[in-house]
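Contents: one structure, followed by commentary.
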Amino acid sequence: MGDLISIKGGRDGLRLRLDDTAEWAHLMSALEQQLAQNSGFFAGARLILEIGDRAINDEQMTTLLGSIQQHGVQIEALGATARESRNAARASGVTARPLPRYSEPAQPAVQNEHEGMLVSRTIRSGQVLRHHGHITLIGDVNPGAEIIAGGSVVVWGRLMGLVHAGALGNPNVVVCALELRPTQLRICEQITRSPDKAKNLGPEIARIEENQIVVEPWEGAKRG
């Protein structure tokens, strides 16, 4: 069912794109499965929803928004070519915008994980940095901040908040930081925490080996 749902990033944030040709019940089932299986990635996310040429009425829009919102996801805007769909969105209090007709079918979310995001700033307490692919951060992740990535996470600085790599189900990713002291470190479904009195051992890399997270020196990485 994953081929009916696509997650992509853009200048305006994350976009959740739904196949506009599939049978409605089948599409809703695929959406529910995608959101449930990847709850660690989607929870708290704000997304732009794209439905292409599909025309949906007020009742279907209510069902769609309800299914998404029950997983803690907020829809910032709806993109659709059909006027009926845009009217239904506005009636539900959602900003609507026209879209050009799709030139290619939606692709599975996991096929886009190689797309990377480069950010140069400090992620402060209460802030969340979320991307469907890899994240490279030049800066620190303060306690109370979160980084959630579908791919790997590389922090050229201190990582002291929560980090979740492989949040779309990929266990073959890594978390690297010059100072790796997260309040919680999660890779795919595996979770660990830093010791209460963790010492700075220099740059480190975390990955999954034999169904558990292991941390070792990050060779070749150093400050300065």
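A few notes on this one:
- Extreme residue, farthest from residue 185 (Cα to Cα), among residues of region 38-73 that are touching a residue at least 40 places away in the same chain (Cβ under 8 Å) and in contact with a Ser or Thr (Cβ under 9 Å, 6 or more places away or on another chain): 53
- Residue selected from region 167-177 under the condition surrounded by 19 or more Cβ atoms within 10 Å (Cβ to Cβ) and at pLDDT below 95, by the criterion farthest from residue 144 (Cα to Cα): 168
- Spans of strands (runs of 3 or more DSSP E) in region 144-185 with at least 1 residues in contact with a Leu (Cβ under 7 Å, 6 or more places away or on another chain) and not hydrophobic (A, V, I, L, M, F, W, C): 146-149, 153-159, 175-180
- Residue within region 187-200 that is buried (at least 18 other Cβ atoms within 10 Å of the Cβ), at pLDDT 95 or above and touching a Gly at 6+ places or on another chain (Cβ under 8 Å) present: yes
- Within region 117-137, the set of residues being small (Gly, Ala, Ser) and over 16 Å from residue 14 (Cβ atoms) comprises 120, 125, 126.
Conditions (1) in contact (Cβ under 8 Å) with a residue 40 or more places away in the chain; (2) surrounded by fewer than 20 Cβ atoms within 10 Å (Cβ to Cβ); (3) part of a loop (DSSP other than H, G, I, E, B), marked per residue:
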{"residue": "15", "(1), (2), (3)": "yes, yes, no"}
{"residue": "22", "(1), (2), (3)": "no, yes, yes"}
{"residue": "32", "(1), (2), (3)": "no, yes, no"}
{"residue": "36", "(1), (2), (3)": "no, yes, no"}
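- Some residue of region 208-221 being among the charged types (D, E, K, R), touching a Leu at 6+ places or on another chain (Cβ under 9 Å) and either open to solvent by 50 Å² or more (accessible area, probe 1.4 Å) or modelled with pLDDT under 95 (or both): no
The values are calculated or read from the model by the stated rules, or taken from the named source; none is laboratory data. Please read these numbers as outputs of a predicted model, since none were measured by experiment. Heads up, the Cβs are rebuilt from the backbone with ideal geometry, glycines too, and the neighbour counts pull from every protein chain shown. Surface accessibility is based on the protein's heavy atoms, side chains included, excluding ligands, DNA and RNA. Shrake-Rupley method; radii C 1.70, N 1.55, O 1.52, S 1.80 Å.
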